[in-house]
1. Out of segment 45-63, which residues are over 14 Å from the mean Cα position of the chain (by Cα) and among the aromatic types (Phe, Trp, Tyr)?
2. Would you check if ALA66 is buried (at least 16 other Cβ atoms within 10 Å of the Cβ) and either within 18 Å of the chain's Cα centre (by Cα) or not assigned by TED's automatic domain parsing to the domain that holds ARG19 (or both)?
Amino acid sequence: MIGSDIDFMGNLMSEDLKRVGLLFKQKREDLSMSLKEVENSTSIRCGYLDAIEEGTIHRFISGVYAFGFMRQYANFLGMNFESLVQENPQAFRIPQEKHEFDYGIGTLEVRGSLGGGVKWLPNLLWAFAAAFVLVIAWFLAKYLGVF
């Protein structure tokens, strides 16, 4: 039952995005502009502009970027973005993204990593090497009569 609710919401959001995308496309065509001209003016790639107009932008980029691109595109076309969001709230709902990683606190090491506990060994070896060099330098200085 839950899976069907997710599909229903996904389809509902998709239909709303397609309707909003059609508004973008109609406004751009009313201004007699090509996607390439919009790309040059907004620095949003043609592929993303085309995906916005087709209502498939969330398939290609993160929801936050899609929202920002649609805001920038609407502002460029002279559309009132806030009213678009109010009239089509489902189209502008940012989908929850699932992250499949789990980092430890204060580290980029993945928790439970096999190599996580061996990081101290190279540092210990360098410390012993530095101490050895200091002891040799002290004996050499004492032998040469510096002390």
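The values are calculated or read from the model by the stated rules, or taken from the named source; none is laboratory data. If you're wondering where the values come from, they're calculated on a predicted model, not measured in any experiment. Please note: Cβ atoms are built from the backbone with ideal geometry, for glycine as well, and neighbour counts cover all protein chains shown.
1. Once the filter is applied, which keeps residues that are over 14 Å from the mean Cα position of the chain (by Cα) and among the aromatic types (Phe, Trp, Tyr), segment 45-63 yields only TYR48.
2. Values: buried (at least 16 other Cβ atoms within 10 Å of the Cβ): yes; either within 18 Å of the chain's Cα centre (by Cα) or not assigned by TED's automatic domain parsing to the domain that holds ARG19 (or both): yes.
Judged against the criteria, ALA66 is a match.
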